[in-house]
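Since the structure comes first, as structure tokens, the remarks are kept for the end.
Each value in this text was obtained by applying a stated rule to the coordinates, not by laboratory testing. From a predicted model like this one, the values you see are computed outputs, not experimental measurements. When we count neighbours, we look across all protein chains shown, and the Cβ atoms used for this are built from the backbone with ideal geometry, even at glycine.
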Amino acid sequence: MACARQICPASREMLDRFCAKLLVACTPEGGGPVADNGKFEAFKRDLVEKNERTYGAEVRDRWGNAAADAANARVMGLSQAEYERAQKLEAEVRAEVLAGLADGDPDGAHAAPAARAHAGWLQAFWPKGTYTPEAHVLLARSYLADERFRAYYEAWAPGAAEFLVRAIEAAGV
């Protein structure tokens, strides 16, 4: 016990120095929030550029340049809090789908929450005013028709794509 009492003042001093450095780091002058915001802006640019490389031509052919540009602008306009909320919604979709699959009831208690979370996730990324329940259902059906989408959801668990599509069709959100 005596040894612990001797170490504590030294540890406390070291902790105080660490906290002081942390406070400096969390100011714009120390590279804090302003630098983090710059990193987030770069992250969004990378996200949009990757999406353009992967799907840009297809999206522009299918829905036009204006729709593609509006979607990209929506992503670039997201705040970090909005993006983090979208990530939480995506995790919620996954959790509800997996729970629904475990229950074995595609129309059970987890279907509607999965559909609502998915609707919220879409609305985070789609240009404001473009989300409709009908567009949601059409997109969901493409999850079964397009192997890229199917593979994404099936990586969660076998049957995940079908569960989510059925949930979205039934929920009408």
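For the stretch 133-148, the Karplus equation 6.51 cos²θ - 1.76 cosθ + 1.60, evaluated at θ = phi - 60°, returns couplings of x, 5, 5, 4, 4, 4, 4, 4, 4, 5, 5, 8, 7, 9, 4, 5 Hz by residue, with Gly and Pro reported as x. For the stretch 70-164, the list of chymotrypsin sites (Phe, Trp or Tyr not before Pro) that fall in a loop by DSSP and count at most 14 other C-beta atoms within 10 angstrom is empty. Diagonalising the gyration tensor over the Cα atoms of the stretch 79-173 and scaling each eigenvalue by 5 before taking the square root yields semi-axes of 20, 15, 13 Å, largest first. Between Glu58 and Ala145, the modelled label-to-label distance comes to 1.3 nm, taking each label 7 Å out from Cα in the direction of the beta carbon. Taking the number of Cβ atoms within 10 Å of each Cβ as an exposure proxy, the fewest-first ranking of Arg60, Arg53, Arg116 is Arg53, Arg60, Arg116.
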